[in-house]
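The values are calculated or read from the model by the stated rules, or taken from the named source; none is laboratory data. Bear in mind that the values here come from a model prediction, so they are computed numbers and not experimental data. Using ideal geometry, Cβ is built from the backbone for each residue, glycine included, and neighbour counts are taken over all protein chains shown.
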């Protein structure tokens, strides 16, 4: 029997980190839908706290550990020592490791929407499932098919990045209007390469290609292939109709920092735990949805605070930004803020299962 003809406990639309982490923490008949091969289309700068990979026991996906951030403004260069390291990682390897950890099957097709009878409509026909997760990214294909305009948001940043053949140390962030007004640029060394990118907090797409080209040239490198996309930084509804919404589809990327990997994995796991309760017969679907919504709501203050900081940094004079950051480092406030930041979105328990997957 073809995969699309079977009846599933859970169908996950989108082989994103949110979708794959949910799959890795679900038991039962689980099907992941993806329009591309798993891990083949990188859209992320692939930087995250190193402890996330320790927590998930996925250290083999890490390419380089970083113990310092650098903040560069138009008139200052500030080193920000990290008590808790960050890392850059291999996008394809992490994606495949998450899938291999799951009991899920993978079907390459496009998710199109949800029919009135609850069937998941795809490019290979309708698929039946007891529970459905929309992890299709910022456009939220399934949720948008039920609630018109759901994936259209004014709260979008836009990032564009290129990989260049050079080595480096530490993670560098540039808040310099000469590079990009109302945005940020970065250099993330990742083993044999460095990832150089630019991001607009206003979701600007025009002229971003030129901004990236100039930034790469400024560092004596040649522009390679580019990848990127929109980053939704305001929480959306985490359930729509019968659907659980997760990752960028639910606006779960963090404001200011643009960090979306950790939150996608975190909410993917939380979502999976509540769906598992339903699959196991310990609650109804509506009760599982209610519990997931409550789990997401508990983080509203974090998103609100980071959103206010993003708004502020877009309006502060560049020189004042330098003074405030340097003062925070010298008074020890930066480390306390980082600890508070990193102590959010931490999974309370590990779930490690043998490598196992059925890929079609």
Quiz prompt | Scan of segment 295-324 for residues that are at pLDDT below 95, in contact with a helix residue (DSSP H, G or I) (Cβ under 8 Å, 6 or more places away or on another chain) and either in a loop (DSSP other than H, G, I, E, B) or over 15 Å from residue 181 (Cβ atoms) (or both), ordered by number | solution = 316
Self-check item: Pair list, Cβ under 8 Å, 6 or more apart: segment 86-97 residue under 30 Å from residue 335 (Cβ atoms), other residue assigned to a helix (DSSP H, G or I) and modelled with pLDDT of 95 or more
Solution: 86/50; 87/50; 87/53; 89/53; 89/61; 90/61; 94/17; 94/61
Quiz item: If we keep just the residues of segment 187-206 that are under 19 Å from residue 311 (Cα atoms) and not in a loop (DSSP other than H, G, I, E, B), which is nearest to the chain's Cα centre (by Cα)?
Solution: 199
Practice problem: Need at least 2 residues that are farther than 29 Å from residue 223 by Cα per element, so show me which strands (runs of 3 or more DSSP E) inside segment 79-182 make the cut, counting only ones lying wholly within it. | Solution: 105-108, 111-114, 120-122, 125-134
Self-check item: Positions within segment 247-287 being over 10 Å from the mean Cα position of the chain (by Cα) and not in a helix (DSSP H, G or I), in sequence order
Solution: 255, 256, 257, 280, 281, 282, 283, 284
Quiz item: Out of curiosity, is residue 235 out of contact with any strand residue (DSSP E or B) (no Cβ under 8 Å at 6 or more places or on another chain), more than 24 Å from residue 187 (Cβ to Cβ), at pLDDT 95 or above and not in a strand (DSSP E or B)?
Solution: yes
Quiz item: How about segment 112-131: which of its residues are over 27 Å from the mean Cα position of the chain (by Cα) and closer than 10 Å to residue 145 by Cβ?
Solution: 115
Exercise. Scan segment 60-70 and give yes if some residue there is in a helix (DSSP H, G or I), surrounded by fewer than 16 Cβ atoms within 10 Å (Cβ to Cβ), under 22 Å from the mean Cα position of the chain (by Cα) and at pLDDT 95 or above, otherwise no.
Key: yes
